[in-house]
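Peer 1: First the structure, then my questions, so here it is.
The values are calculated or read from the model by the stated rules, or taken from the named source; none is laboratory data. The shown structure was predicted, so the numbers you read here are calculated from the model rather than taken from an experiment. No Cβ is skipped: glycine too gets one built from the backbone with ideal geometry, and neighbour counts run over all protein chains shown.
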């Protein structure tokens, strides 16, 4: 098992390919996808016996530091997608944000992002979305243990607000769905502009190695 600090701009599968080439091991997998926009802790399992534990690791609780942008919505629910809605949204008061975050704590029944690997009639939603199909994404119970305000900043350029939030969640939670819901509570379109996973179960980002460090570690 390897703890990897995934960089921005590549997929989790890209990290698996990198480790496979580095270790010369055919059986390599990961326990919990991070989108290309996201960085942070990715558990990579190397070898037949390790990859069999994939489900166990995927069911662990997770912590994230997310930046939610108020004022812009995208089809992917993050800023890498196509802009679908825009509204001038300067930052609300800190207390209003904290009150909205309180409403997110607990069990939420929320739609999964249309760009996700969840299957509908045997077909991943992202495939249906890319094909331009019209569909209603299924809803899923998403449990939030903690949603803590960190800081916020107005953008004078595009009249949006960036809010940094710490989320501690159960397995199966889409942070993008939480961002959209937070926007609804605050009366603004919303999306994820930055995301970093900092914990999976007992494992923390401080224990992870970058891809460059991994080269030296394995070689």
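Peer 1: If you scan the range 119-153, which residues turn out to be more than 18 Å from the chain's Cα centre (by Cα), outside any helix (DSSP H, G or I) and in contact (Cβ under 8 Å) with a residue 40 or more places away in the chain?
Peer 2: If the condition is that a residue be more than 18 Å from the chain's Cα centre (by Cα), outside any helix (DSSP H, G or I) and in contact (Cβ under 8 Å) with a residue 40 or more places away in the chain, then 152, 153 are the ones that fit.
Peer 1: Any idea how many residues of the range 19-60 are touching a residue at least 60 places away in the same chain (Cβ under 8 Å) and assigned to a helix (DSSP H, G or I)? Can you show your working first?
Peer 2: First pass over the range 19-60, keeping only residues touching a residue at least 60 places away in the same chain (Cβ under 8 Å): 19, 22-23, 31-35, 37-43, 57-60.
Subset that is assigned to a helix (DSSP H, G or I): 19, 22-23, 57-58.
Residues in the range 19-60 being touching a residue at least 60 places away in the same chain (Cβ under 8 Å) and assigned to a helix (DSSP H, G or I): 5 in total.
Peer 1: Now for a separate question. Considering only the range 9-18, I want to know if a residue exists there that is exposed (fewer than 14 other Cβ atoms within 10 Å of the Cβ), farther than 22 Å from residue 172 by Cα and either in contact with a helix residue (DSSP H, G or I) (Cβ under 8 Å, 6 or more places away or on another chain) or touching a residue at least 60 places away in the same chain (Cβ under 8 Å) (or both).
Peer 2: So far as the range 9-18 goes, no, none of its residues is exposed (fewer than 14 other Cβ atoms within 10 Å of the Cβ), farther than 22 Å from residue 172 by Cα and either in contact with a helix residue (DSSP H, G or I) (Cβ under 8 Å, 6 or more places away or on another chain) or touching a residue at least 60 places away in the same chain (Cβ under 8 Å) (or both).
Peer 1: Just the residues that are more than 16 Å from residue 164 (Cβ to Cβ) and either buried (at least 19 other Cβ atoms within 10 Å of the Cβ) or touching a helix residue (DSSP H, G or I) at 6+ places or on another chain (Cβ under 7 Å) (or both), please, taken from the range 49-74. Don't jump to the end; show me each part of the working.
Peer 2: Going through the range 49-74, the residues more than 16 Å from residue 164 (Cβ to Cβ) turn out to be 49-62, 72-74.
Correct list: 50, 57, 62, 72, 73, 74.
Peer 1: Counting only residues that are in a loop (DSSP other than H, G, I, E, B) and in contact with a strand residue (DSSP E or B) (Cβ under 6 Å, 6 or more places away or on another chain), which one in the range 61-81 is farthest from residue 19 (Cα to Cα)?
Peer 2: Keep residues of the range 61-81 that are in a loop (DSSP other than H, G, I, E, B), which gives 61, 71, 75-77, 79-81.
Adding the requirement that they be in contact with a strand residue (DSSP E or B) (Cβ under 6 Å, 6 or more places away or on another chain) leaves 71, 75, 77, 79, 81.
Working: 71: 39, 75: 31, 77: 29, 79: 28, 81: 28 Å.
Top of the filtered list is 71.
Peer 1: Are any residues in the range 18-27 touching a strand residue (DSSP E or B) at 6+ places or on another chain (Cβ under 8 Å) and modelled with pLDDT of 90 or more, and if so, which ones?
Peer 2: 19, 20, 27 - these are the residues of the range 18-27 that are touching a strand residue (DSSP E or B) at 6+ places or on another chain (Cβ under 8 Å) and modelled with pLDDT of 90 or more.
Peer 1: Okay, moving on. Output the number of residues of the range 107-124 satisfying the condition of being surrounded by 14 or more Cβ atoms within 10 Å (Cβ to Cβ) and within 14 Å of residue 174 (Cα to Cα). First the steps, then the outcome.
Peer 2: Narrowing the range 107-124 to residues surrounded by 14 or more Cβ atoms within 10 Å (Cβ to Cβ): 108, 110-116, 118, 120, 124.
Subsequent filtering for residues that are within 14 Å of residue 174 (Cα to Cα) retains 108, 110-116, 118.
Counting residues in the range 107-124 that are surrounded by 14 or more Cβ atoms within 10 Å (Cβ to Cβ) and within 14 Å of residue 174 (Cα to Cα) gives 9.
Peer 1: Any residue that is on the phi > 0 side of the Ramachandran plot and under 22 Å from the mean Cα position of the chain (by Cα) - is there at least one of those in the range 46-69?
Peer 2: Quick first cut of the range 46-69, residues on the phi > 0 side of the Ramachandran plot only: 47.
With under 22 Å from the mean Cα position of the chain (by Cα) added as a condition, the list becomes none.
Scanning the range 46-69 turns up no residue that is on the phi > 0 side of the Ramachandran plot and under 22 Å from the mean Cα position of the chain (by Cα).
Peer 1: To continue, here is another question. Which count do you get for residues in the range 76-106 that are exposed (fewer than 15 other Cβ atoms within 10 Å of the Cβ) and under 18 Å from the mean Cα position of the chain (by Cα)?
Peer 2: Qualifying residue count for the region: 1.
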